[in-house]
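For reference, the structure discussed in these notes is given below.
The values are calculated or read from the model by the stated rules, or taken from the named source; none is laboratory data. Predicted model only: the values in this text are computed from it and were never measured. We place every Cβ from the backbone using ideal geometry, glycine too, and count neighbours over all the protein chains shown.
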Amino acid sequence: MGFSVTTLIFVGIGIVASLCTRICFNRGPSANLFHLTLVLTATICCWMMWAIVYLAQMKPLIVPILSEGE
Amino acid sequence: MGEVARGGCCPPMDLFRSEPMQLVQLIIPIESAHRTVSYLGDLALLQFKDLNADKSPFQRTYATQIKRCGEMARRLRFFKEQMLRAGVLPKYSTTPIGVNIDDLEVKLTEIESELTEMNANGEKLQRSHNELVEYKLVLQKAGEFFHTAQSRALEQQREYESRQLSGESMETPLLQDQELLGDTKQVKLGFLAGLVPREKSMVFERILFRATRGNVFLRQATVEEPVIDPVSGDKTEKNVFVVFYAGEKAKAKILKICDAFGANRYPFAEELGKQAQMIREVSGRLVELKTTIDAGLVHRDNLLNSIGAQFEQWDALVRKEKSINHTLNMLSLDVTKKCLVAEGWSPVFATKQIQDALQRAALDSNSQVNAIFQVLHTRELPPTYFRTNKFTSSYQGIIDSYGVAKYQEANPTVYTVVTFPFLFAVMFGDWGHGICLLLAALYFIIREKKLSSQKLDDITEMTFGGRYVILLMALFSIYTGFIYNEFFSVPFEIFGPSAYECRDLSCRDATTVGLIKVRDTYPFGVDPVWHGTRSELPFLNSLKMKMSILLGVAQMNLGIIMSYFNAKFFRNCVNVWFQFIPQMIFLNSLFGYLSLLIIVKWCTGSQADLYHILIYMFLSPTDDLGENQLFVGQKNLQLVLLLLAFVSVPWMLIPKPFILKKQHEARHGVESYTPLENTDESLQVESNHDSHGHEEFEFSEVFVHQLIHTIEFVLGAVSNTASYLRLWALSLAHSELSSVFYEKVLMMAWGYNNVIILIVGLIVFIFATVGVLLVMETLSAFLHALRLHWVEFQNKFYEGDGYKFHPFSFSLQDDEE
């Protein structure tokens with residue numbers, strides 16, 4: 001799986017989660033907007049973290065060097 | 001001011017802005033005032049202003065009522081004390097009582113006098129009971145002395161007589177007859193009997209001996225059971241004593257000494273017959289007294305029980321009454337003395353509810369006139385009120401403990417709810433520890449109802465209060481744990497095989513040159529192969545350091561964007577053009593560019609040295625980048641960015657103070673010529689509230705202020721970015737600690753192949769994990785996440801100089817006392 005596929009999965013999860021909160025916790029427009037903000041912030045944070053770790057490992061400058069004991 | 005119609009594309013977001021507030025004025029007829037305030041207290045949506053701040057508590061209208069309430073509260077405290085002493089627990093019942101406060105006052109007074117009388121009587125009876133018990137003891141013990149003494153005397157006499165019968169021997173002293181004669185001549189001995197506390201008995205004896213120069217004879221006998229001292233009412237261990245003395249002088253001395261030692265004396269008859277009679281009498285009286293005391297106690301217990309059944313309600317009623325009167329004292333009396341005038345803040349949405357409450361109160365108290373409700377216009381800053389629920393309140397608490405938001409200021413809570421647990425989890429990434437934390441949070445959430453009614457100790461209460469924060473912290477820790485691929489520091493190949501393999505089949509150079517990447521990048525998180533390799537630390541350090549900077553720059557940008565929302569909301573164009581935009585440019589031309597370089601470096605796999613690039617961007621921007629060049633046109637871009645950064649500093653500093661000055665002059669010019677618009681209303685308001693509009697404009701002050709702001713931002717951009725490196729440091733510490741515990745404790749114990757060592761190792765591992773990683777590390781990661789939000793995020797936009805909305809409410813009274 002490449003970078004863009006997983007990113008798409010994150011987008012998908014974000015959309016599904018926002019729809020879920022919209023359907024399950026429908027408490028009027030301003031509360032819904034708040035919930036949407038929460039879900040989007042969470043999705044973006046999680047995606048950022050994943051993307052950073054993924055990108056860092058894409059073109060390795062350092063490779064794993066096994067320690068002597070193994 | 002923030003009275004802006006909030007139209008536009010989207011509805012207003014919950015929690016983003018505090019509730020719009022209004023200053024309202026109520027004019028309440030005096031006959032319905034009490035009920036009105038009571039209903040408003042039930043509603044809990046109005047914060048009364050103290051209109052009598054200049055009056056002392058005694059000068060206020062309802063001072064006497066408050067005194068009455070205080071007196072009633074004192075009586076209730078007295079009852080509570082009595083109930084505690086008698087072991088009667090107040091029962092909690094919710095059935096409302098139909099007692100009004102006046103009846104209750106009468107009732108409480110009656111009960112109090114009854115109870116004090118009962119107590120006094122009981123005490124008196126108890127005292128005489130104790131005295132009798134002591135007396136009986138004295139009679140018994142001293143009786144024994146006399147009995148043994150007498151029997152010994154009889155024995156001696158018998159012996160003597162028998163000796164005399166056997167004829168005079170050689171040993172018979174010659175003066176025996178005289179001695180016997182002398183005996184009869186001797187003065188009659190007096191004696192005293194009583195009880196003395198055991199610990200003092202030795203001293204008592206010594207003092208008696210010294211005071212009378214040895215001319216006393218003291219007998220003591222210990223009383224096995226401790227007796228209750230009639231004077232103090234305490235249980236003490238005592239000795240019965242009988243002291244024989246000669247002469248009135250000695251008696252006076254002994255009496256004094258007895259008094260000094262707290263030794264109670266009791267009359268005592270010498271003859272055995274009389275003694276027996278006394279004992280009988282005393283026993284009879286004891287039984288009588290006991291029944292009387294018991295009957296009294298039963299009566300008292302009944303009374304206390306009946307108090308206990310209603311205590312909570314009375315207490316609630318008195319507290320309510322007291323707070324109502326306190327509130328009534330804040331209202332000012334109308335000139336006609338027929339109305340009370342109240343002023344206070346209320347959320348705009350509560351208008352209808354307040355009007356309803358007023359109407360109900362007028363109806364229920366048969367008042368002729370309704371209370372009048374009107375909205376006042378003021379320049380005073382309203383209090384800040386967020387409608388939080390049990391989930392958001394703890395997050396709002398985190399923000400509030402830094403500073404309460406200014407009225408209608410953008411509230412960081414909307415982002416903090418997610419970013420706070422997220423940044424915590426970046427430092428606490430381990431899904432094993434995350435699951436432990438999740439279980440703890442779930443325990444608190446499941447037992448929420450039970451725990452919230454209980455009284456908890458400080459630490460538990462804090463944890464309980466933050467249970468929803470801990471819940472999200474745990475969930476994000478599990479997520480970041482998967483990203484870091486650590487389960488109690490052990491990696492798993494959950495998302496497929498590792499991307500690295502040996503270079504050839506023999507795997508000879510795996511420990512020297514290293515493995516080679518053969519597959520696609522590990523799809524989710526850190527490749528498990530890194531764990532335990534020699535290059536693990538250099539790799540993770542570089543990754544986490546760069547991640548900290550990227551996350552930090554993102555969050556700081558969010559903070560600056562929030563300042564844009566604030567400026568837009570308060571219609572402050574100056575802040576948009578001369579604060580938001582140059583700040584954005586400055587931060588992103590330096591650290592946004594650094595982030596870009598990091599990402600480009602990762603994507604291209606370039607060997608460029610980013611520190612070198614960034615340092616030489618300042619030192620010699622025109623030099624060729626050489627091998628550090630990451631992309632074409634980098635040098636020109638750097639020049640442009642550097643220029644922008646240099647331009648944005650004076651852009652932030654200079655124009656704003658001048659524009660403010662101009663605006664101030666323009667406003668003053670206008671105000672001095674146009675008359676006040678609606679005269680009566682604004683006059684009324686001005687008289688009550690300090691206006692904020694007519695402050696002196698001190699240009700130098702404003703300029704210095706702006707200078708400080710600018711310096712703070714420019715230096716802060718550097719130091720705050722560096723501050724985000726704590727994310728790296730703490731996450732490194734966490735993973736290193738947990739791997740030390742795992743390898744040096746658990747794996748070493750496993751290596752011994754011994755069950756006992758394994759169990760000991762397991763116990764040490766569990767304690768170390770819970771104590772150090774789950775408690776200490778959680779706390780430190782929490783504090784660092786807190787700091788990153790309070791300082792690095794919020795100083796970009798948050799003023800936090802507002803004050804909280806404290807509505808008058810009955811449910812909140814418990815906190816006050």
> Looking at segment B:4-12, is at least one residue more than 14 Å from chain A (Cβ to nearest Cβ), closer than 18 Å to B:K322 by Cα and either aliphatic (A, V, I, L, M) or in contact with a helix residue (DSSP H, G or I) (Cβ under 8 Å, 6 or more places away or on another chain) (or both)?
Replying inline: no
> Going through segment B:509-519 one residue at a time, which ones are out of contact with any strand residue (DSSP E or B) (no Cβ under 6 Å at 6 or more places or on another chain) and more than 13 Å from A:I65 (Cβ to Cβ)?
Replying inline: B:R519
> Of all residues in segment B:473-501, which are part of a helix (DSSP H, G or I) and either within 17 Å of B:L727 (Cβ to Cβ) or free of Cβ contacts under 8 Å to residues at least 40 places away in the same chain (or both)?
Replying inline: B:M473, B:F476, B:S477, B:Y479, B:T480, B:G481, B:I483, B:Y484
> If you go through segment A:10-68, how many residues are small (G, A, S) and either within 15 Å of B:L472 (Cβ to Cβ) or within 7 Å of another protein chain (Cβ to nearest Cβ) (or both)?
Replying inline: 6
>> Can you pull out every residue in segment B:343-402 that is under 24 Å from the mean Cα position of the chain (by Cα), among the aromatic types (F, W, Y) and surrounded by 21 or more Cβ atoms within 10 Å (Cβ to Cβ)?
In response: B:Y385, B:F386, B:Y395
> Taking segment B:736-758 as the search range and keeping residues that are surrounded by fewer than 21 Cβ atoms within 10 Å (Cβ to Cβ) and of a type in the set (S, T, N, Q), which one is nearest to B:V772 (Cα to Cα)?
Replying inline: B:S739
> Would it be correct to say that B:G626 is on the phi > 0 side of the Ramachandran plot and more than 13 Å from every other protein chain (Cβ to nearest Cβ)?
Replying inline: yes
> Could you say which residue among B:E312, B:E237, B:E270 is among the acidic types (D, E), within 30 Å of B:A63 (Cβ to Cβ) and either touching a residue at least 40 places away in the same chain (Cβ under 8 Å) or in contact with a strand residue (DSSP E or B) (Cβ under 7 Å, 6 or more places away or on another chain) (or both)?
Replying inline: B:E312
> Mind checking whether some residue in segment A:28-39 is part of a loop (DSSP other than H, G, I, E, B) and among the small types (G, A, S)?
Replying inline: yes
> Out of (1) in a loop (DSSP other than H, G, I, E, B); (2) within 14 Å of chain A (Cβ to nearest Cβ), the odd one out for B:Y402 is which?
Replying inline: (2)
>> Which of the strands (runs of 3 or more DSSP E) found entirely inside segment B:207-310 contain at least 2 residues meeting this: out of contact with any helix residue (DSSP H, G or I) (no Cβ under 9 Å at 6 or more places or on another chain) and either surrounded by fewer than 18 Cβ atoms within 10 Å (Cβ to Cβ) or at pLDDT 85 or above (or both)?
In response: none
> Considering segment B:502-536 alone, what residues qualify as being outside any loop (DSSP other than H, G, I, E, B), surrounded by fewer than 16 Cβ atoms within 10 Å (Cβ to Cβ) and at the interface with another protein chain (Cβ under 10 Å from one of its Cβ atoms)?
Replying inline: B:D509
>> Take the conditions more than 10 Å from every other protein chain (Cβ to nearest Cβ) and buried (at least 16 other Cβ atoms within 10 Å of the Cβ) and apply them to B:L594. Does it pass?
In response: yes
>> Going residue by residue through segment B:320-327, is there one that turns out to be touching a Phe, Trp or Tyr at 6+ places or on another chain (Cβ under 9 Å), in a helix (DSSP H, G or I) and surrounded by fewer than 18 Cβ atoms within 10 Å (Cβ to Cβ)?
In response: yes
